[in-house]
Amino acid sequence: MINLKSWFLLAILSVFLCTTLGSYAVDSVLRRLDSKRAQSVVQESAAKGVLQRLLPAHLHSFEFKIISKDLCGGRSCFRITNYKSSRRNSPEILIQGTTAVEIASGLHWYLKYKCGAHISWDKTGGVQLASVPKPGALPLVEARGVTIQRPVPWNYYQNVVTSSYSYVWWDWQRWEKEIDWMALQGINLPLAFTGQEAIWQKVFLDYNITTQELNNFFGGPAFLAWARMGNLHAWGGPLSQNWLNIQLALQKRILSRMQELGMTPVLPSFSGNVPAALKKIFPSANITRLGDWNTVSGDSRWCCTFLLSPSDPLFIEIGEAFIQKQIKEYGDITDIYNWYDTFNENTPPTDDPTYISSLGSAVYKAMSKANSNAVWLMQGWLFYSDSKYWKPPQMEALLHSVPRGKMIVLDLFADVKPIWKSSSQFYGTPYIWCMLHNFGGNIEMYGVLDAVASGPINARTSENSTMVGVGMCMEGIEHNPVVYELMPEMAFRGGKFQLQGWLKSYSRRRYGKVNNQIEAAWEILYHTIYNCTDGIAFHNTDYIVKFPDWDPSGKTRTGISGTDMSNQNRMQQLSGFQWNRRFLFSEKSSGLPKPHLWYSTEDVIKALKLFLDAGKELSGSLTYRYDLVDLTRQSLSKLANQVYLDAISAFHHEDAKALSLHSQKFLQLIKDIDKLLAADDNFLLGTWLESAKNLAMNSDETKQYEWNARTQITMWYDNAKYNQSKLHDYANKFWSGLLEAYYLPRASMYFMLLSRSLKEKLDFSLLEWRKEWIAYSNKWQESTELYRVKAKGDAIAIATVLYEKYFS
């Protein structure tokens, strides 16, 4: 028996060899992927398409050309030079790149650093292109040109749940914009999970699973990510054949455009999650029913899914069939597959490295039987979430269970909790440094800009580094534009740079001009909102959007006994797996939940004043208006947290007048924030609901899709009469319409009962409040009232009034 100390010595001796072998293996993977790319003329045309959609008047101002990596020192790169021609009306700027993504990245680089332009999502203010000179007057670059190499080959994008929190209701028009954005940001390794249920339908029908049985397997549109992971089944479903067909057709367009641009899409693979009916068809197969994941009472209609063990031969057979079906539908376009890891938040029954290695080997075999060049892209979250189990011998056993170069690990939370530092660079396994940043698609100004600007560089230049990429793994998008401009740029940053100087440049580009007040405001924001260093993962729990389920009378909450109580964690040890799902935001048994606050609110209010002072000069900028609304919203929300605490303090001191004063102020803050958000197109509930309904083909689908859209952002999962969902408000949103119609009534009910209990000298009835607001929530989830899709009011004027009202 080898002891841990001896194992460490052996590990250290093997790291150099593993790193060297891994480097050769990655080069081999890159060569194979290069061979799958579209022809140069196709990629050049695709890059031109990006330009035409972004700057149609400048279509002939740029010339694009695909070049070999040999001209870039063997790496991916882009080169920007002045176009040399004596012809009239010839292009002005030549951009060359090893793929169309590199060309688009070069275009973005030129527009940013030569023209002072800015590109962000439409819902975060959109583009600022007014600073780009007219055709014929574009600024020249230095005579020798600009050449930027990628220091690492890959720039990864998406989380497995982003498809549900952000993309679920998208049509091709919105997807086309997103793929353009990806290309401009240099993303060349995007997750591509749309439409996979149609593939699974084809696979399972071959195994005599009926359509009705699949209806019980797939989740509803807004909950597909968790059905795919085996967290739940049927919730929000069933999926209509219309949905399956439309999403498959959409996926084909997505993949086609990605391939035209030279991207390598990451496709799904089989994780062992199977329909219940498969156990009846294969009674001897090693299929186990898993434990409960966040239901309130273990309701079998959607909890406790079925897992086929990787050690069973049927696992390999189904895994092979799934990848083969994808190749048949999409063509041979990738070698990289993401696996919904069975190990992710599931602890194996033994810590025996041999056992772990055998399971990992079986998982890879299911991929490689269909594609002999398959590469397993593995989420590294398990090494953080279950670090007590995944010690060095267990980690190495899993990471080395596949051939060298056949696994790439996503260091998913490297912006806050990097695993590469404590794992000998994943024991020689290539990995991608990822920023997680967002949970639930919440709208909260937050960032760790110092970590983003330095972390990837430190990791890449560290001794025996096995880093092969950077990535963004946020759960939801369309927020914090500064973070999502800096992070993808790190894919092209070879050395350290001055972040504060970059931020000054960012503010000038984002708003299209120099403004001293704005630059001073961003200096404050950099040191406060965008400098979170406490390592706390969740930062979206303000009292307005996640109202405390709490009895302020001081009695310990014990919940409800009897039929409404959850049987959570029952059946935990099944088939040798300990079900260790992280119960995000599950309520504590006692104590007031505390919103995350990592900065001085007084300093941020000073930044808000500076923003307002810049309004006269920047009022015509949509990017400025978005940032002003967002900063005002955040400042008011943090104020509301204190107002809530003041109300609770008044209740404890039996001061009915003060309780009324503070509770009314809290409710008024919700109304005022709603009015502010209503003045900006990017903060409207109606947009989300209408996009859901627009995908429907009939009235039944319209009703179902709207329920899915409403439920995800509110109750999320199931509830009982006196028990709200364990995931309530996980996907909360600061959207006009949602504040006034949902968060306001909930808080009003609470404060009304609080005031009555004080007036009548009765105990506060938490159960009465739960019953009342849960019933209200369920009714709202089922309702169909319309909400605005166009802004109303002057955002700058409203923000100014609210500043004077609350902070002056």
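The values are calculated or read from the model by the stated rules, or taken from the named source; none is laboratory data. These numbers were taken from a predicted model, which means no experiment stands behind them. We place every Cβ from the backbone using ideal geometry, glycine too, and count neighbours over all the protein chains shown. Each accessible area value is taken on the protein alone, full model and side chains, heavy atoms only, with ligands, DNA and RNA left out. Shrake-Rupley method; radii C 1.70, N 1.55, O 1.52, S 1.80 Å.
Please list the radius of gyration and Dmax for region 332-403, considering alpha-carbon atoms only, with Å as the unit.
12.4, 40
Helix-only estimate, please: 222 nm mean residue ellipticity of the chain, summing -39500 (n - 2.57) across DSSP H runs of length 4 or more and dividing by its residues, to the nearest 500.
That calculation yields -14000 deg cm²/dmol at 222 nm.
At R0 = 45 Å, how high is the FRET efficiency between GLU768 and LYS177 if r is their beta carbon distance? Nearest 0.05 is fine.
Rounded to the nearest 0.05, the efficiency is 0.40.
I need the phi-derived Karplus couplings for region 379-393: 6.51 cos²θ - 1.76 cosθ + 1.60, θ = phi - 60°, integer Hz, Gly and Pro marked x.
6, x, 4, 4, 5, 8, 6, 10, 5, 5, 8, 7, 7, x, x
Grab the Cα-Cα distance for LYS761 and GLU463, subtract it from 0.36 nm times how many residues apart they are, and report the gain in nm with one decimal.
Value of the extension gain: 100.6 nm.
Under 5 Å between amide H atoms, partner at least 5 residues away or on a different chain: which partners does VAL409 have, H built in plane at 1.01 Å?
Residues meeting the amide H criterion: MET378, TYR431, ILE432.
For the chain, with every protein chain kept in place, what is the accessible area per residue (1.4 Å probe, Å²)?
That works out to 37 Å² per residue.
Divide, for region 339-478, the radius of gyration over alpha carbons by 2.2 N^0.38 Å, where N is the residue count.
Taking N as the residue count of region 339-478, the ratio is 1.07.
Counting only protein heavy atoms and using a 1.4 Å probe, what share of the accessible area of region 612-657 belongs to carbon plus sulfur, as a whole percent?
51 percent
Carbon and sulfur: what percent of region 346-491's accessible surface (1.4 Å probe)?
C and S atoms contribute 46 percent here.
Kirkwood hydrodynamic radius, computed over distinct alpha-carbon pairs, for region 740-808: how many Å, to one decimal?
Taking every pair of different Cα atoms in region 740-808, averaging 1/r and inverting gives 15.1 Å.
List the pair-distance distribution P(r) of region 407-556, using every Cα-Cα distance, as the percent of pairs falling in each 5 Å bin from 0 up to the bin containing the longest distance, rounded to whole percents.
So the P(r) values, bin by bin, are 2, 9, 17, 18, 17, 14, 10, 6, 4, 3, 1, 0.
Taking 0.36 nm per residue of sequence separation and subtracting the Cα-Cα distance, how much length would be gained by fully extending the chain between SER649 and ASN373, in nm to one decimal?
93.0 nm
Which whole-Hz ³J(HN,Hα) couplings does region 600-610 yield from phi under the Karplus relation 6.51 cos²θ - 1.76 cosθ + 1.60, θ = phi - 60°, glycine and proline marked x?
Listing the rounded values in order: 7, 5, 5, 5, 5, 5, 5, 5, 4, 4, 5 Hz.
Using DSSP to call loops (not H, G, I, E or B), can you name the trypsin sites (Lys or Arg not before Pro) in region 752-797 whose Cβ has at most 16 other Cβ atoms within 10 angstrom?
Counting only loop positions with at most 16 other Cβ atoms within 10 Å, the trypsin sites (Lys or Arg not before Pro) in region 752-797 are LYS761, ARG788, LYS790, LYS792.
Treating the beta-carbon of each Lys and Arg as +1 and of each Asp and Glu as -1, no other charges, what is the dipole magnitude of the chain about its Cα centre, to the nearest 20 debye?
Roughly 1240 debye, rounded to the nearest 20.
Starting from region 438-502, pick out the GluC sites (Glu not before Pro) whose DSSP state is loop and whose Cβ has at most 10 other Cβ atoms within 10 Å.
Hits after loop and neighbour filter: GLU463.
Please list, in chain and number order, the residues 5+ apart from GLY447 or on another chain whose amide H is under 5 Å from its amide H, with Hs placed from the backbone.
Residues meeting the criterion, in which the H sits 1.01 Å from N, are ASN531, CYS532.
Equivalent ellipsoid semi-axes for the chain, as square roots of 5 times the alpha carbon gyration tensor eigenvalues: give them largest first, rounded to whole Å.
Over the Cα atoms of the chain, the semi-axes work out to 40, 37, 25 Å.
Test of understanding: what is the full-extension gain from GLN212 to LYS805, defined as 0.36 nm times their sequence separation minus their Cα-Cα distance?
207.7 nm
Would you mind checking LYS252/LYS406; LYS112/LYS546; LYS252/LYS365; LYS279/LYS325; LYS638/LYS675 for any pair whose Cα atoms are more than 29 angstrom apart?
LYS112/LYS546
Taking the Cα centroid of region 183-226 and of region 31-110, what is the distance between the two, rounded to the nearest whole Å?
34 Å
Between ALA658 and LYS391, what is the label-point separation in nm under the 7 Å Cα-to-beta-carbon projection?
In this crude label model, LYS391 to ALA658 measures out at 5.3 nm.
Convert 4 °C to kelvin, take the viscosity as 1.567 mPa s, use the Kirkwood radius over C-alpha pairs of region 164-300 as Rh, and evaluate the Stokes-Einstein diffusion coefficient in µm²/s, rounded to a whole number.
79 µm²/s
Filter the GluC sites (Glu not before Pro) in region 732-808 down to the DSSP loop ones having no more than 10 other Cβ atoms within 10 Å, then list what survives.
Hits after loop and neighbour filter: GLU760, GLU785.
State the percent of C-alpha pairs, over all pairs in region 618-691, separated by a distance greater than 21 angstrom.
43 percent
For region 592-641, what's the radius of gyration and Dmax over Cα atoms, in angstrom?
Here Rg and the maximum Cα pair distance are 12.6, 44 Å.
Taking LYS779 as the anchor, which aspartates and glutamates have their alpha carbon closer than 12 Å to its alpha carbon, excluding any fewer than eight residues away along the same chain?
none
Which ³J(HN,Hα) values, rounded to whole Hz and listed in residue order, are derived for region 414-427 from phi using the Karplus coefficients 6.51, -1.76 and 1.60 in 6.51 cos²θ - 1.76 cosθ + 1.60 with θ = phi - 60°, glycine and proline given as x?
Karplus-based 3J(HN,Hα) across region 414-427 equals 5, 5, 10, 10, x, 8, 4, 5, 9, 10, 6, 6, 6, 6 Hz.
Could you look at region 23-156 and say what percent of its accessible area is carbon and sulfur, using a 1.4 Å probe and all protein chains?
Carbon plus sulfur share of accessible area: 50 percent.
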